[in-house]
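Working notes for the structure below.
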Amino acid sequence: MEIKNIPCPFCGCLCDDIIVNVEDNELKGVKNGCGICITKFMKHHVNAVQSPMLKKEGNLVNVSMDEAIEKAAEILKNAKYPLIFGLSTTECEAQSKALELAELTGATIDQLPSVCHGPSMMALQSVGQTTATLGEIKNRADLVIFWGCNPIEAHPRHFNRYSGTATGMWSDRSKRYIVTIDVRETQTAKKSDKFIKISHGKDYELISIMRAAIKGQKIPDNVEEITGVNKEDIENLINRMKNAKYGVVFYGMGMTQTFGKELNTDNAISLIKDLNELTKFSIIPMLGHYNVSGAVHVWGWQTGYPFSINFALQYPRYNPGEFSATQMLARKECDAALIIATDPVAHLPNEAARHLANIQVITIDPKFSLTALISDVVIPAATAGIEAEGTAYRMDGIPLRLKKVVNSEFPPDREILERIIEKIKE
Ligand code: SF4
């Protein structure tokens with residue numbers, strides 16, 4: 001059976017034109033996807049958790065789902081300061097249930113932006129957002145700037161489908177000028193019309209100089225010494241930006257996680273606001289995991305906050321840093337953790353990962369991970385977007401419906417969380 005128009009549950013592009021072939025509940029082929037997408041679908045069962053597990057006498061042993069849920073509920077109920085973390089690669093319905101669980105247990109809940117695009121969210125909260133859909137960009141953009149991001153390698157279809165060589169109604173590659181600003185010549189830079197090499201950590205300075213120049217101020221003579229970019233390149237870029245009919249800046253962790261963090265993004269959004277007095281311009285974060293934006297929206301509606309939310313006082317409090325998973329773990333503050341659809345032991349800094357090994361950990365994940373290995377409870381889940389349907393938000397904030405293309409013997413994350421909530425309430 002051929003199933004069409006499947007969104008790919010991997011990166012923030014959420015390409016929704018994937019075609020899969022399924023026979024006897026087995027995936028036989030994937031069309032239209034990039035290499036990452038094909039691997040995600042075709043190898044979704046590789047290294048999968050085969051049964052719920054509990055740690056007994058130092059070893060993980062297979063148990064029933066009921067036993068694993070009961071133990072998870074007991075750990076969270078008895079914890080003084082639990083942490084719930086992950087959730088950027090699962091459906092919105094699970095993100096909402098996890099928030100309910102955090103409120104019930106007085107936990108801190110955090111998702112992956114606290115280690116990647118958190119500064120983007122903080123900047124949006126302070127200066128707002130000038131945004132557009134990826135479809136609008138494909139159809140209209142005549143100037144595309146990639147700042148501190150490398151879609152050719154990190155979001156493989158972004159360049160061809162939406163921003164670079166994509167052919168839209170009123171724009172195509174021949175009418176589109178592409179600039180990459182980065183500290184090194186990436187694959188995206190090589191496909192661009194112009195590569196501007198900036199000194200590491202000098203984004204804030206360059207944006208400030210550009211904003212001043214757009215408002216008629218003189219570009220300092222020593223600008224190259226300050227930013228690594230020569231005066232002529234800055235003047236040409238500003239002219240292109242002012243004269244574009246429809247411009248867009250896509251920015252990545254090269255801007256959000258370098259010196260200045262949210263102040264860089266704050267300044268970049270303000271630059272785009274300034275440009276909108278002259279022409280039409282948008283700015284969009286290149287979100288990596290496919291449903292970071294979903295948690296931002298869902299938690300935003302429910303608490304007013306996008307990540308790093310604490311319920312210790314039974315109402316939501318927000319303070320990135322104080323309530324960020326990495327810092328809480330590194331400071332050894334939490335005494336239990338529920339990890340959903342992520343692998344912090346493999347990816348967080350050493351001090352944070354070490355603390356996880358010393359507290360009680362519950363992992364809900366379709367795949368067996370390093371975090372599962374150190375967990376006290378491991379609960380397998382259906383993979384969202386392959387074995388379970390749900391909602392996810394694309395990097396431009398457009399919600400798309402994930403589809404179930406094969407069956408799983410395990411429930412989706414939202415059902416597991418619902419059962420833990422019911423057990424705690426009992
Ligand atoms: S670009 Fe991203 S969403 Fe699109 S097919 Fe590749 S991995 Fe999937």
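Miscellaneous remarks
- DSSP-loop chymotrypsin sites (Phe, Trp or Tyr not before Pro) across segment 130-217, with at most 12 other Cβ within 10 angstrom: Trp170
- Of the solvent-accessible surface of the chain, computed with a 1.4 Å probe over protein heavy atoms with every protein chain present, carbon and sulfur atoms account for 48 percent.
- Shape index of segment 118-285: Rg/Rh, with Rg the Cα radius of gyration and Rh the Kirkwood radius from the inverse mean 1/r over Cα pairs, equals 0.93.
- Contact order normalised by residue count of segment 118-285, Cα under 8 Å, 6+ apart, percent: 32
- Mean sequence separation of contacting Cα pairs (under 8 Å, at least six apart), scaled by the length of segment 136-204, corresponds to a relative contact order of 33 percent.
- When +1 charges are put on Lys and Arg Cβ atoms and -1 charges on Asp and Glu Cβ atoms, the dipole computed for the chain relative to its Cα centre reaches about 1200 debye.
- Per-residue Karplus couplings for segment 73-85, computed as 6.51 cos²θ - 1.76 cosθ + 1.60 with θ equal to phi - 60°, are listed in order as 5, 5, 4, 5, 5, 8, 5, 7, 8, x, 10, 10, 9 Hz, Gly and Pro entered as x.
- Summed residue charge, Cβ within 11 Å of Gly29's Cβ, Lys/Arg positive, Asp/Glu negative: -1
- The DSSP beta bridges internal to the chain are antiparallel in roughly 40% of cases.
- Our summary of shape: the Cα atoms of the chain have principal axis extents of 68, 51, 33 Å, ordered from largest down, in whole angstrom.
- Overall form of segment 2-41 per C-alpha gyration tensor (a/c, 1.5; a/b vs b/c): prolate
- At R0 = 51 Å, FRET efficiency that the Cβ-Cβ distance of Asn78 and Thr167 yields, to 0.05: 0.30
- Shape call, segment 1-156: gyration tensor on alpha carbons, a/c limit 1.5: oblate
- Available extension along the chain between Arg184 and Asp221 is 11.0 nm, counting 0.36 nm per residue and deducting the alpha carbon span.
- Using a cut-off of 31 Å between Cα atoms, the listed pairs Lys4/Lys55; Lys97/Lys273; Lys4/Lys242; Lys31/Lys197; Lys332/Lys423 include Lys4/Lys55; Lys97/Lys273; Lys4/Lys242; Lys31/Lys197 as exceeding that distance.
- Virtual spin-label span in nm between Glu100 and Ile3, 7 Å along Cα→Cβ: 2.5
- The stretch between Lys332 and Lys28 holds 104.9 nm of extra length on full extension. This uses 0.36 nm per residue minus the Cα-Cα distance.
- For peptides 380-392, 210-222, sequence by mean Cβ density within 10 Å, most packed first: 380-392, 210-222
- Residue-averaged 222 nm ellipticity for the chain, from DSSP H runs of 4+ at -39500 (n - 2.57), nearest 500: -10500 deg cm²/dmol
- For trypsin sites (Lys or Arg not before Pro), the sites in segment 235-321 that DSSP calls loop and that have at most 15 other Cβ atoms within 10 Å are Lys245.
- Trypsin sites (Lys or Arg not before Pro) lying in DSSP loop within segment 102-205, provided at most 16 other Cβ fall within 10 Å: Arg184
- Comparing Cα centroids, segment 300-361 and segment 103-120 end up 7 angstrom apart.
- Using the Karplus relation 6.51 cos²θ - 1.76 cosθ + 1.60 with θ = phi - 60°, the per-residue 3J(HN,Hα) values for segment 353-364 come to 5, 4, 5, 4, 5, 9, 10, 7, 10, 10, 10, 10 Hz, with x marking Gly and Pro.
The values are calculated or read from the model by the stated rules, or taken from the named source; none is laboratory data. From a predicted model like this one, the values you see are computed outputs, not experimental measurements. Because the Cβ atoms are built from the backbone with ideal geometry, glycine has one as well, and the counts that use them run over all protein chains shown. Side chains are part of the model used for accessible areas, which takes the heavy atoms of the whole protein and leaves out ligands, DNA and RNA. Shrake-Rupley method; radii C 1.70, N 1.55, O 1.52, S 1.80 Å.
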